Amino acid sequence: MEKLVIEGGRELHGQVRISGAKNAALPLITATLLAKGVHVLRNVPDLRDTRTILRLLESLGVTWERQGHTLRIDATDLNCSEASYELVKTMRASVLVLGPLLARLGRARVSLPGGCAIGARPINFHILGFEQLGVTCRLEHGYVDAEIDGRLQGNTVYFDIPSVTGTENLLMAATLAQGTTLIKNAAREPEIGNLVDMLIGMGAEIEGRGTDLLTIHGVEELQAADTAVIPDRIETGTYLIAVAAAGGEATMTHCNPGHLPALLEKLRAVGLEVSGQDDEITIRALRQRPLKGVDIKTMPYPGYPTDLQAQFMALMTLSNQTAVVNETIFENRFMHVAELKRMGADIRIDGHTAVVAGLGRGGLTGAPVMATDLRASSSLVIAGLAASGRTEISRIYHLERGYENLVSKLSGLGARVWKTQE
């Protein structure tokens with residue numbers, strides 16, 4: 001098993017080309033199940049998670065080929081409706097095949113999803129929504145068994161809490177339902193907008209893009225898509241915070257500044273120079289300038305994203321003040337705290353709140369640490385870049401689920417970072 005080694009204390013300078021968004025690519029890949037023909041998806045990142053979802057589609061009878069960052073996916077011969085535990089256990093987004101399989105085949109048997117160990121990821125929103133569309137769902141032996149006799153029936157679906165994957169699953173299914181479906185209190189993340197654009201390009205009739213009310217007028221059939229994956233806003237934010245922590249000046253290219261309103265505001269509040277225009281964001285962080293302590297509270301989009309909480313906490317350990325981090329989305333998303341403490345961080349947890357007593361720049365020291373989930377592992381990378389001495393991060397397969405070419409991108413900024421065997 002590989003580990004990541006970082007020699008910290010070096011400023012970061014240069015440019016980083018941002019990859020396509022993992023959290024957009026996964027629903028787009030599963031949406032190809034809705035229609036026969038060859039779908040073309042562009043700007044698809046080559047990650048552990050995208051490879052996993054493609055293996056899952058293969059098991060359903062789908063064929064595909066990759067050329068660089070372009071995928072060609074042919075779901076014409078879709079012939080299986082079961083997503084096994086062996087494929088689903090490593091990634092919660094695998095549950096996104098449920099909606100397309102129900103819409104196309106009228107049945108689906110999907111293992112309850114796995115993924116990062118950051119607390120419960122209930123799919124009750126999905127199940128309740130499908131039942132509103134006439135589906136009979138049963139939970140047996142770790143699987144969701146769902147079926148319907150005939151077409152899905154349009155109806156009104158209301159989410160008590162905005163659910164990203166729930167919205168995506170119901171949205172895909174409703175495109176082929178009979179009648180009109182309303183999804184109320186829908187999630188509004190940019191990745192959902194990317195999916196809406198793809199589905200409309202396939203012939204779906206959808207109103208309300210970017211709002212919390214989606215109206216889907218079901219159609220008889222859809223056509224193959226030709227769609228580009230949007231830039232990864234979480235990767236963008238991770239590198240911005242990395243430069244903020246290590247010091248230096250860098251530009252993120254091929255990104256979308258409009259997708260990160262809350263983070264950019266918080267970085268400016270910390271005292272950093274941040275400017276965004278067109279498809280670029282530049283950050284300038286002077287090491288001699290103290291960092292201010294800034295509170296964050298994770299919220300559904302356009303609020304501060306939970307997927308950038310751990311990274312910002314690592315930055316706050318370097319401030320000269322106290323900062324409060326309130327996590328409202330996932331209940332176990334402070335698993336990185338124990339590892340940051342091994343590097344000298346002063347953090348106290350009280351329920352869903354973490355109080356970070358900043359140590360100032362130079363307060364962290366390198367140490368052997370262990371990644372517990374995808375975003376926690378990126379917070380340890382950020383801490384390692386800012387710390388004095390060597391940091392060794394084990395279980396980096398978590399990083400490979402969501403960050404394409406991490407080592408080469410950081411090395412291009414001047415970081416001393418490499419992989420080695422445990």
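No value in this document is a laboratory result; all are computed from the given coordinates. Because the structure is a prediction, the values reported are computed rather than measured. Here the Cβ is made from the backbone with ideal geometry for all residues, glycine too, and neighbour counts use every protein chain on show.
If we count other beta carbons within 10 Å of each Cβ, what is the order of 220, 58, 11, 235, fewest first? Please list the in-between numbers first.
Working: 220 8, 58 13, 11 17, 235 25.
With the fewest neighbours first, 220, 58, 11, 235 line up as 220, 58, 11, 235.
Each of 154, 199, 27 was placed along the dipole of region 22-228 (beta-carbon charges, centred on the mean Cα), and the one lying farthest toward the positive end is 27. Between residue 332 and residue 86, residue separation times 0.36 nm minus the direct Cα-Cα distance comes to 86.2 nm. Can you tell me the FRET efficiency between residue 131 and residue 268 if r is taken as the Cβ-Cβ distance and R0 is 56 Å, rounded to the nearest 0.05? After rounding, the FRET efficiency stands at 0.80.
Of the residues 374, 135, 313, the one whose Cα sits farthest towards the positive end of the charge dipole of the chain is 313 (charges of +1 on Lys and Arg Cβ, -1 on Asp and Glu Cβ, taken about the Cα centre).
Roughly how many debye, to the nearest 20, is the charge dipole of the chain about its Cα centre, given +1 on each Lys and Arg Cβ, -1 on each Asp and Glu Cβ, and no other charges?
Values: 42 positive and 47 negative charges, 267 e Å.
So the magnitude is around 1280 debye.
Toward the positive end of the charge dipole of region 364-422, with +1 on the Cβ of Lys and Arg and -1 on the Cβ of Asp and Glu, the farthest Cα among 415, 393, 365 is that of 415.
Of the beta bridges in region 202-343, as assigned by DSSP with both residues counted there, near 80 percent are antiparallel. Helical content alone sets the calculated 222 nm signal of the chain at -8500 deg cm²/dmol, taking -39,500 (n - 2.57) per DSSP H segment of four or more residues and averaging over every residue.
Of all DSSP beta bridges confined to the chain, the antiparallel ones make up roughly 75%. Loop-only check: which trypsin sites (Lys or Arg not before Pro) in region 144-238 are DSSP coil with at most 15 other Cβ within 10 angstrom? Those that pass, being in a loop and sparsely packed, are 209.
In this structure, the residue pairs whose Cα-Cα separation is over 20 Å, taken from 22/409; 89/341; 22/341; 22/419, are 89/341; 22/341; 22/419. The dipole here belongs to region 22-228: it is taken about the Cα centre, uses +1 on the Cβ of Lys and Arg and -1 on the Cβ of Asp and Glu, and is about 420 debye. Other residues within the sphere of radius under 12 Å centred on the Cβ of residue 12, judged by their own Cβ, net out at +3 (K and R +1, D and E -1). Our estimate of slack between residue 350 and residue 51, defined as 0.36 nm per intervening residue step minus the Cα-Cα distance, is 103.9 nm. Taking a point 7 angstrom from the Cα of residue 184 along the C-beta vector, which residues in region 194-231 have backbone N less than 18 Å away? Answer for region 194-231: 207-209, 211-217. Over region 22-228, the ratio between the Cα radius of gyration and 2.2 N^0.38 Å evaluates to 0.91.
Against the chain, whose longest principal axis is taken from its Cα atoms, helix 48-59 shows a tilt of about 20°.
Ranked for footprinting exposure by Cβ neighbours inside 10 Å, fewest first, 301, 239 give 301, 239.
Eigenvalues of the alpha-carbon gyration tensor of the chain, scaled by 5 and square-rooted, set the equivalent ellipsoid semi-axes at 38, 21, 20 angstrom, largest first. The order of 80, 255, 137, going from fewest to most other C-beta atoms within 10 Å of their C-beta, is 80, 137, 255. Once the Cα atoms are used to define both axes, helix 164-174 deviates from the longest principal axis of the chain by about 20 degrees. Annotation: extensible slack from residue 160 through residue 63 equals 31.2 nm (criterion: 0.36 nm per residue apart, minus Cα-Cα distance). The calculated FRET efficiency for the pair residue 215 and residue 40, based on their C-beta separation and a Förster distance of 25 Å, comes to about 0.35.
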